[in-house]
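Written below as C-alpha cells is the structure these notes are about.
What follows is calculated from the coordinates using simple rules that are stated; it is not laboratory data. Note that the structure is predicted; figures quoted are calculated from it, not measured. Heads up, the Cβs are rebuilt from the backbone with ideal geometry, glycines too, and the neighbour counts pull from every protein chain shown.
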Amino acid sequence: MTQPVLPPTPPPPAAMGKGTLSRQLVLRTTALVALVTVALSMFTALASFQILQNQLDGQLRSAIDRLPWRSPSGDGDDPAGRGDPGGSGLIRVDSATVDGQVLYWVTRPDGVSRDAAIALYNAMLTRTTRGEANVHAEGAGLYRVLVQTRQDITTLVALPYSQVTAPMTSQLIMAGLLTLGAILLSYVGARRVVERSLRPLTRLAATATRVSTLPLASGEGHVPIRVAPADANPASEVGRVGLAFNHMLDNVESALAARHRSETKVRQFVADASHELRNPLASIRGYAELTRRGSDELPDDTAHALGRIEAESERMTALVQDLLLLARLDSEPTLELRPTDVTEIVLNAVSDARATSSDHTWSLDLPEDVVTARADPHRLHQVVTNLLANARTHTPPGTSVEASLRAADGWAVISVSDNGPGVPAEIQDSVFERFTRADVSRVRRAGGSSTGLGLAIVAAVVNAHGGDVTLDSRPGRTTFTIRVPLA
Ligand SMILES: Nc1ncnc2c1ncn2[C@@H]1O[C@H](COP(=O)(O)OP(=O)(O)OP(=O)(O)O)[C@@H](O)[C@H]1O
Ligand SMILES: [Mg+2]
C-alpha cells in the first residue's frame, strides 16, 4: 500500500547499443578518420594527376620541338622512316598544303590503325583552341594532343592518355583500399579505447541502480553501497564522478541517519506520553463516573457536564491508545503471530458492526473452507473493525456494506465494500497516512469521532504482518482490500 513506489529501473543499455555514448563516440571518431583519409586521398590523387598530366604535356612539347619542320612533299620522305620521336606510343601526323592539296602522313604506335590516327588528326583540326587537349577519336581512344603550325606546316603529336589514367586508376584503387583499412582500424581501435574508458561509468551506473533499489524509506538509513575506490580516483573525469557519487551517498546516509534518530526520539516521546496519559485519563473518567453515579441530587447542567467529561475522556483514551499502538508498531512491531482463523474474525467483526448500527445493511461473503492466516488475532480483528467502522461512520444510513473473505495465491484476502459516496478524491492518495480525514463535520453530526488514525493503524498492522492494503473508491463503490499471508 503506502510503500514508496520506485520508478522501474531501465535495463542497462547493451554495450554499443543504440543511443549509447560509447556508440556515438566510436561512430564519430570513425567518421572523422574516414573524412580525413578520404580528403587526403583526394588531395594526393589530384596532385598526382597534375604531375602525370604535366609530364605527358612535357613529352608532347619536347617531341614537337624535335620534329623536322619541312614540307612533306619536298623530299618525298617515307612517313614510316620518321620513327617515333616522342617515345613510346607517340602518334605524329604531319600535313602541309601544297598546291591547294592537303598532304599528311602518320607515324603510329602498334595497335592504332592508320585510319584511327587520321581520325584523331581530323578531330583535332576541328578544334578552335590550340595547345594540349584531350581528344577522343573513333577507334583511337583518348589521346593527349598538341598541334602546332609553323611555316604553313601544321604538325600534330599525340600520346595515349592512358599514360595518365592507368597509374591514376591503380593509385585510386590503392587509396581506396588504404582508406577502407584506415576506417576499419580506427573503428576497432576507437571501440576498444572507448569501451575501456567508459567501463567505470558502466560500473557506476550499476552501483547507482543497486542504490536505487535499497529500501531507504525504512530502516536506520544505512546505505551500504559505495563506488569501488578504483572507480573513484579523482585523476580521471569518470573517477571524479565516482568520487562525487560516494560523497553524495555519504551525505544521504548521514541525513537518513539523522532523520531516523529524530524519528526515533519523536516515536519514543509519543509512546511515553501516550503511556503516561493513560493513567490520569482513567482517573478523570473514573472520578467523573463516581461523582455522577454517587449523587442523586446533582443539578442537571452539572450531570450533563460530568457526562461530557466521561465521553470526552473516553474518546481521548481511544486516541491515546491508537497513538501508543502506532508508536509501538513503528519502533518494534510486537505482534503475536500464530495460525489464526480469519473466517471467525470477519464473522465476529461483522456481527459486532450489525449490533452497533442497524441503519446499514450488512452482508457477508465467506468461503466454505476455513481460512487460516499467520496473524495476530487481536490486531487483525482491530483492522477489520476499523474498516467496518469507516463504512459505518463515513456513509449515510441505508448504505449496504459487504465483508468478504477468500484465500488466493498464499494470501488471505479480506475486502470491505460499501455503496456509499466514496473516499474524497483529494485524500485518496494519503488516506493511509496519519491524521488524514475529510468529512469531520459530517462525522460529528452523525455522533461519531474522527481522528484520522484508523486507516493508519490498518496499514501499520497489515504491513507488520507482511501484507498490504489497497483502496479502490469511486462514488457508489468503495472497496478496501487487505492481504495477510496464509498460515
Ligand atoms: N468507507 C469509506 N467511505 C468514505 N470515506 C471513507 C471511508 N473510509 C474512510 N474514509 C475517509 O478516510 C478518512 C480517514 O479514515 P480513517 O479511518 O483513517 O480516519 P477516521 O475514520 O476519520 O478517524 P478514526 O481514527 O476514528 O478512524 C476518513 O475521515 C474518511 O473521510
Ligand atoms: Mg476510521
Review point. Taking the C-alpha atoms of segment 213-263, how large are the radius of gyration and the largest Cα-Cα span, Dmax, in Å?
Key: 12.8, 40
**Study point:** Interchain or long-range residues, amide H under 5 Å from A438's placed H
**Key:** none
Review point. Is segment 235-390 best put as rounded, prolate or oblate by its Cα gyration tensor, with a ≥ b ≥ c the root eigenvalues, rounded for a/c under 1.5, and otherwise prolate when a/b is larger than b/c, oblate when not?
Key: oblate
Revision key, fill the gap. Any residue on another chain or 5+ positions along whose placed amide H is under 5 Å from the amide H of T361 is listed here as G398, T399, S400, V401
Study note, to complete from the structure: Ordered by number, the GluC sites (Glu not before Pro) in segment 130-227 that occupy a DSSP loop and have at most 13 other Cβ atoms within 10 Å are E138, E220
Check your understanding: How large is ³J(HN,Hα), in whole Hz, for each residue of segment 382-389 in order, when computed from phi with the Karplus curve 6.51 cos²θ - 1.76 cosθ + 1.60 and θ = phi - 60°, using x for Gly and Pro?
Key -> 4, 4, 5, 4, 4, 5, 5, 5
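Want the number for E220 to L21: 0.36 nm per residue separation, take away the alpha-carbon distance, what's left?
Additional length available on full extension: 67.9 nm.
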Point to revise | Residue-wise HN-Hα coupling along segment 205-220, computed from phi with Karplus coefficients 6.51, -1.76, 1.60 (Hz; x: Gly, Pro) | key: 4, 5, 4, 4, 5, 5, 5, 5, 8, 6, x, 6, 5, 10, x, 8
**Study point:** Taking segment 339-487 and dividing mean pair separation by its residue count, relative contact order in percent (alpha carbons under 8 Å, at least six apart)
**Key:** 27
Exercise for review: Starting from the Cα gyration tensor of segment 265-331, multiply each eigenvalue by 5, take the square root, and state the resulting semi-axes largest first in whole Å.
Suggested key: 32, 9, 7
Study note, to complete from the structure: Ranked on Cβ counts within 10 Å of their own Cβ, fewest leading, D418, D301, D231 go D301, D231, D418
Exercise for review: Beta carbons within 10 angstrom, averaged per residue: use that to sort the peptides 274-281, 375-382, 53-60, highest first.
Suggested key: 375-382, 53-60, 274-281
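Quickly rank 461-472, 26-37 as a protection proxy: mean count of other C-beta atoms within 10 Å, highest first.
461-472, 26-37
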Check your understanding: Pulled fully out, how much extra length does the chain show between D57 and S430, if you take 0.36 nm times their separation in residues and subtract their Cα-Cα distance?
Key -> 125.1 nm
Revision key, fill the gap. Rounded to whole Å, √(5λ) for the Cα gyration tensor eigenvalues of segment 338-485, largest first, gives 24, 17, 13
Review point. What order do you get for 239-251, 316-328 when each peptide is scored by the mean count of other beta carbon atoms within 10 Å, highest first?
Key: 316-328, 239-251
Study note, to complete from the structure: Using eta = 1.002 mPa s and T = 20 °C, Stokes-Einstein with Kirkwood Rh from Cα pairs puts D for segment 375-431, in µm² s⁻¹, at 167
Review point. For segment 182-322, what ratio Rg/Rh do Cα atoms give with a Kirkwood hydrodynamic radius?
Key: 1.52
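With an 8 Å Cα cut-off and a minimum separation of 6 or more residues, compute the relative contact order for segment 299-395 in percent.
Relative contact order comes out at 32 percent.
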Revision key, fill the gap. The answer for chymotrypsin sites (Phe, Trp or Tyr not before Pro) in segment 391-441 that fall in a DSSP coil and have at most 11 neighbouring Cβ atoms within 10 Å is F435
Check your understanding: Got a sec to turn the phi values of segment 421-434 into Karplus ³J(HN,Hα) couplings, 6.51 cos²θ - 1.76 cosθ + 1.60 with θ = phi - 60°, whole Hz, x for Gly and Pro?
Key -> x, x, 6, x, 4, 5, 10, 4, 5, 10, 5, 8, 8, 5
